[in-house]
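What follows is one structure encoded as structure tokens, with my remarks underneath.
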Amino acid sequence: MPDISAVNSASNSSSPRLHIQVALAHAKRDELLRQRWQNLNNARPWHAHSLRVPKQYTTGHYRCWLDSSTIGDIAVSEQYGDAVEGVIGMKRATERRTVVHIVQSGGLSLTEAGRTVQVPPGMLCARDAQVPREFSYRPGTRARVLLLPSETLADTELDRLPTLTLISQKAPEARLLLGQLHLIRKTRNDLSPAGVRAAQRSVLQLLAGALMARGVSADSVFRPSLRTAARNCVEARLLDPQLSPAEIARTLSVSVRTLHRAFAEVDESLMAYVRRRRLERAREELIALDGRYTVSALAARWHFADVSHFSRAFKRQFGETPSSLAH
């Protein structure tokens, strides 16, 4: 068996399957791996550099395969491979690119300035390809990777392009995107040029919609987006007795620490926001429903410990007692 090999085995020219294999015992295995990847990607921009197999792997072979296709200006690849690491970032590129990783198994780690973000199976990660980061794929990682010119995404209604943003693949907007990608993959070779352009527009719009609606930034520059997502979650679940920082963090696929760090930059903590919004909703109901709820019933409805606690918090917030509005 050769030290390194690549095989093209495609049923059509738009989606070649590429196999790479490197003997782990070879003295120059990393050099061979980088050379082969470079040869395969000379025809298009590439965002991975300094590829290497982690040192603990010394026997057998490193193997991976790659199915490549395009949707207009969007390069799409289906990837599966063993553990590999290196650096990503298109520092010399004349055109900015956005990369989207849709991880299905294994996992991806991204490290910048000593901070590591994990992208486990079931997550979608969108990032600026120009920003250099260390990366590491776990063994057996399967992922769909999209590489697109950033200006095509900027042409949508997305206000800011992602530096590093995470979305759960279970989110409705992400599910629509994944379904559309699957359908395009099955029909790509039969599409007319106009159909390809329409397919590209649909992918861009769905991706932008998912980023705007569900994106949670893993970058400090985008902490406002995390606060917005958390507040939206709170608004949808104000009546939920289980609403807590841990539950909100789970819904947004971030840690509780990351959530609290985002709110530490503003004057109002997350739970202070929850308390204020519950008090505001209670006041609205006191006024609009004209005695339908008693003060004690409202205290229970909006999850305050008792009437006294509710009344004190209400007066601090509005300068009047709830009983003064209940008559």
Scanning region 89-101 for residues that are buried (at least 19 other Cβ atoms within 10 Å of the Cβ) and of a type in the set (A, V, I, L, M), the one farthest from A129 (Cα to Cα) turns out to be V100
If we only count strands (runs of 3 or more DSSP E) wholly inside region 46-135, which ones have 1 or more residues that are of a type outside the set (S, T, N, Q) and free of Cβ contacts under 8 Å to residues at least 12 places away in the same chain? 115-119
Listing of helices (runs of 4 or more DSSP H) fully contained in region 245-327 that carry 1 or more residues being charged (D, E, K, R): 245-252, 256-263, 270-288, 295-301, 307-318
Report, by residue number, each residue of region 54-70 that is surrounded by 19 or more Cβ atoms within 10 Å (Cβ to Cβ) and over 26 Å from the mean Cα position of the chain (by Cα). H61, Y62
Exactly one of (1) modelled with pLDDT under 90; (2) hydrophobic (A, V, I, L, M, F, W, C); (3) in a helix (DSSP H, G or I); (4) open to solvent by 20 Å² or more (accessible area, probe 1.4 Å) is unmet by L161. Its number? (3)
Restricting attention to region 290-306, and to residues there that are aliphatic (A, V, I, L, M) and open to solvent by less than 60 Å² (accessible area, probe 1.4 Å), which single residue is nearest to P322 (Cα to Cα)? V295
Restricting the search to region 167-218, which residues are closer than 16 Å to L146 by Cβ and among the β-branched types (V, I, T)? I167, I184, V196, V203
I'd like to verify a number: residues in region 248-273 that are without any contact (Cβ under 8 Å) to a residue 12 or more places away in the chain, within 25 Å of F310 (Cα to Cα) and open to solvent by 40 Å² or more (accessible area, probe 1.4 Å), how many? 3
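The values are calculated or read from the model by the stated rules, or taken from the named source; none is laboratory data. From a predicted model like this one, the values you see are computed outputs, not experimental measurements. Cβ coordinates were reconstructed from backbone atoms using ideal geometry, including for glycine residues, and neighbour counts include every protein chain displayed. Areas reflect the complete protein model, heavy atoms only, side chains present, ligands, DNA and RNA absent. Shrake-Rupley method; radii C 1.70, N 1.55, O 1.52, S 1.80 Å.
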